Ligand code: B1M
């Protein structure tokens, strides 16, 4: 029997095997590999930001090329969501700071929420309170949640080139509401970029969940120093 140290693979090995399992919709394989990666000391945010993302990206490419269809997309998404739930306690942790409240949602017409959920977990881990409105969220629902929770930070997510076009109307609805006058609004999602964010009147764009945390920290600081909170 071998008695030497347990063989440790590089982090990229766990990430690649996990990504393949997600892309193949192999839920058990993805869970096993995420557990093995955690046990090997791969940080939870690396497993999420690289493993899950890489797996869903290659599934998306197969879908675009007609090599996979909607059922495969759904099974891969299910594997990704299950791994994300496994990672949740590691990503959210026990936050020390108590920062502001972020009202977060995927915009109207859009049902993609894996990236938005990852953003929510890292924000909670960083000390924000997150009011997650889920998917298919209208401007009215964003405004109502901001009023109810007295929140001044808002995050809009979109994954479709069609639904990103609903962002200007949602941002207008927020800005025109009494609760939204002092709001700081961030947008994100794969088809967006900083130029789009500026064009639609958002206060910032983040390309991934780690950037979203840094962005909301800076928007929170700006709002505090501007002292224009309601
Ligand atoms: Co859909 N889908 N999908 N899908 N799907 C895409 C987006 C697509 C690119 C696939 C493709 O064709 N290659 C394509 C869009 C094409 C386009 O718009 N031009 C597409 C399509 C076409 C569709 C349908 C129309 C398919 C159909 O029905 N024929 C349909 C639309 C349904 C709807 O929304 N109305 C549909 C449905 C689905 C499923 C339900 C099966 C499933 C979603 C399940 C779920 O989310 N619960 C699904 C999936 C899984 C995908 C892909 C494969 C993966 C998306 C994902 O979760 N990525 C996707 C292809 C791809 O992305 N390569 C695809 C992983 C996630 C961690 O990344 O969401 O980008 P992402 O989030 C990142 C950043 O963007 C950022 O941080 C996150 C972490 O790093 N971020 C923010 C996100 N939100 C942020 C907010 C912020 C800041 C940062 O601040 C507020």
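The values are calculated or read from the model by the stated rules, or taken from the named source; none is laboratory data. It should be emphasised that the depicted structure is a prediction, and the values quoted were computed from it without experimental measurement. Neighbour counts are summed over all protein chains in view; Cβ atoms, including those assigned to glycine, are modelled from backbone coordinates with ideal geometry.
Quick notes on this structure:
- Within region 68-92, considering residues that are more than 11 Å from the ligand (Cβ to nearest atom) and loosely packed, with under 15 Cβ neighbours inside 10 Å, the one farthest from residue 16 (Cα to Cα): 89
- Residue check, residue 209 under 18 Å from residue 131 (Cα atoms), crowded, with 16+ Cβ neighbours inside 10 Å and more than 12 Å from the ligand (Cβ to nearest atom): no
- Any chance residue 130 is farther than 29 Å from residue 89 by Cα and either free of Cβ contacts under 8 Å to residues at least 40 places away in the same chain or surrounded by 22 or more Cβ atoms within 10 Å (Cβ to Cβ) (or both): no
- Residue match in region 149-163 (condition: out of contact with any helix residue (DSSP H, G or I) (no Cβ under 6 Å at 6 or more places or on another chain), surrounded by 14 or more Cβ atoms within 10 Å (Cβ to Cβ) and part of a helix (DSSP H, G or I)): yes
- Sole residue being under 24 Å from residue 225 (Cβ atoms) and either without any contact (Cβ under 8 Å) to a residue 24 or more places away in the chain or not in a strand (DSSP E or B) (or both), chosen from 169, 145, 198: 198
Per-residue answers, yes or no, for (1) assigned by TED's automatic domain parsing to the domain that holds residue 113; (2) within 12 Å of the ligand (Cβ to nearest atom); (3) over 20 Å from residue 143 (Cβ atoms):
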{"site": "162", "(1), (2), (3)": "yes, yes, yes"}
{"site": "174", "(1), (2), (3)": "yes, no, no"}
{"site": "177", "(1), (2), (3)": "yes, no, no"}
{"site": "181", "(1), (2), (3)": "yes, no, no"}
{"site": "186", "(1), (2), (3)": "yes, yes, no"}
{"site": "192", "(1), (2), (3)": "yes, yes, yes"}
{"site": "195", "(1), (2), (3)": "yes, no, yes"}
{"site": "198", "(1), (2), (3)": "yes, no, yes"}
{"site": "203", "(1), (2), (3)": "yes, yes, no"}
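- Residue tally, condition in contact with a helix residue (DSSP H, G or I) (Cβ under 6 Å, 6 or more places away or on another chain) and closer than 29 Å to residue 56 by Cα, over region 165-184: 1
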